[in-house]
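Visitor: The structure's right below; bear with me while I get my questions together.
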Amino acid sequence: MKQLLIIFLLFFTANTSVIAEENLDPFEDINRAVFEFNETIDDNLLEPISRAYKDYVPGIFQDGVSNFFGNLRDVPTLANQILQFKPVESITTLTRILVNTTAGLGGLFDVASDMGLTTRNEDFGQTLAVWGVGEGPFTVLPLLGPSTVRDTVGLFVDTTSDVNMINEMNDIGFISASAMNVIDKRVELLPATDLLDQSDDPYITMRSSYLQKRRFDVFDGNLPDEEDDEF
C-alpha cells in the first residue's frame, strides 16, 4: 500500500511540474486556509510551549536534546546521501554518527562537530530532486506546514522509513521522543516566527522563504546562475 501511494504521488508530481512552473501556487486559496489553521494551532500550543522551553529549561539540557535528536536525524541524512551518490559526504556523516554515538554518549554531545566533522541535512525530497523529479506545486500540509508535492512524497518516505530512528524509539516505548523532537525543531524556528509576525503578508513570506531554502538545499548552496537570478 505504501509503495502504491508513493507511485501515485510521484506520478502526480511529474504531471503537475509544468503547471507549477507557470503558477507555483495553484492551490493558494486552500493553502491559505490550511496556513491559517496551522497558525491557530501554533499560536495557541506549539509556540507557547517552545518559548517556555527555551526560556526556562537549562541551556545545557536544551543542547543535549538538540544534539541527541541531531544524531538521530543524521541516520536518514546518511541514507539519502548514499542514494544521492555522495561518497565523501556519506563517509563524513557515518563517522559523525559513530563518534557522537560513542564518544558523545549516545549523541548527547556533538563531539564530531568539534572535530570538524559537519554535514548538511538531506531528506528524500532532496534525493528526488537529484534524481530529476520536479518539485510540483507548492502546498501547505495540515500541522506540518509548507511543502511541495515532491517534498510531500519525500516527507512520507522519511517518516515511514526504517531509518527514521525517532520512530524506532517510539516503538520501544519512548513515547515522548516525537514530541520532544517537534519542540526541539520548533525552538529553532522561533527567529523565523518573529520575522513572519512582522511581515505584511506572512503567507507570502513563508512561501517564498520555504521555496528558496529548498532550492538552496537541493543544490547544496551552489545555485546555478539561473537560480541565483531568481533571488
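The values are calculated or read from the model by the stated rules, or taken from the named source; none is laboratory data. No experiment lies behind these values; they were computed from the predicted model shown. Here the Cβ is made from the backbone with ideal geometry for all residues, glycine too, and neighbour counts use every protein chain on show.
Visitor: Restrict the check to segment 154-165 and report whether at least one residue is within 28 Å of Gly59 (Cβ to Cβ) and in contact (Cβ under 8 Å) with a residue 60 or more places away in the chain.
Guide: Yes: segment 154-165 contains one or more residues that are within 28 Å of Gly59 (Cβ to Cβ) and in contact (Cβ under 8 Å) with a residue 60 or more places away in the chain.
Visitor: Looking only at segment 149-176, which residues are at pLDDT 80 or above and closer than 16 Å to Val65 by Cβ?
Guide: Met165, Ile166
Visitor: Give segment 33-58 a look and list any residue that's of a type in the set (Val, Ile, Thr), assigned to a helix (DSSP H, G or I) and more than 10 Å from Val187 (Cα to Cα), or say none.
Guide: Once the filter is applied, which keeps residues that are of a type in the set (Val, Ile, Thr), assigned to a helix (DSSP H, G or I) and more than 10 Å from Val187 (Cα to Cα), segment 33-58 yields Val34, Thr40, Ile41.
Visitor: Moving on to the next point. Might you let me know whether segment 76-88 holds any residue that is under 15 Å from Ser161 (Cβ atoms) and of a type in the set (D, E, K, R)?
Guide: There is no residue in segment 76-88 that is under 15 Å from Ser161 (Cβ atoms) and of a type in the set (D, E, K, R).
Visitor: When you look at Phe35, is it hydrophobic (A, V, I, L, M, F, W, C) and under 20 Å from Met180 (Cα atoms), yes or no?
Guide: no
Visitor: For residues that are under 20 Å from Met206 (Cα atoms), of a type in the set (Gly, Ala, Ser) and part of a loop (DSSP other than H, G, I, E, B), tally how many sit in segment 132-150.
Guide: Looking only at that region, the number is 1.
Visitor: Answer yes or no as to whether Ala103 is free of Cβ contacts under 8 Å to residues at least 40 places away in the same chain, surrounded by fewer than 22 Cβ atoms within 10 Å (Cβ to Cβ) and touching a helix residue (DSSP H, G or I) at 6+ places or on another chain (Cβ under 7 Å).
Guide: It is true that Ala103 is free of Cβ contacts under 8 Å to residues at least 40 places away in the same chain, surrounded by fewer than 22 Cβ atoms within 10 Å (Cβ to Cβ) and touching a helix residue (DSSP H, G or I) at 6+ places or on another chain (Cβ under 7 Å).
Visitor: Considering only segment 190-231, give the helices (runs of 4 or more DSSP H) lying wholly within it that have at least 2 residues that are modelled with pLDDT of 85 or more and either closer than 17 Å to Leu24 by Cα or not charged (D, E, K, R) (or both).
Guide: 190-197, 202-218
Visitor: Looking at segment 151-160, can you tell me whether even one residue there is part of a loop (DSSP other than H, G, I, E, B) and either more than 28 Å from Leu94 (Cβ to Cβ) or hydrophobic (A, V, I, L, M, F, W, C) (or both)?
Guide: The answer is no, given that none of the residues of segment 151-160 is part of a loop (DSSP other than H, G, I, E, B) and either more than 28 Å from Leu94 (Cβ to Cβ) or hydrophobic (A, V, I, L, M, F, W, C) (or both).
Visitor: Across segment 122-146, what is the number of residues that are closer than 17 Å to Leu223 by Cα, under 16 Å from the mean Cα position of the chain (by Cα) and at pLDDT below 95?
Guide: Total meeting the criteria: 1.
Visitor: Next question. Across segment 45-84, what is the number of residues that are over 22 Å from Gly106 (Cα atoms) and without any contact (Cβ under 8 Å) to a residue 24 or more places away in the chain?
Guide: So the answer is 6.
Visitor: Collect the residues in segment 97-131 that are among the β-branched types (Val, Ile, Thr) and either assigned to a helix (DSSP H, G or I) or on the phi > 0 side of the Ramachandran plot (or both), keeping them in residue-number order.
Guide: Ile97, Val99, Thr101, Thr102, Val111, Thr127, Val130
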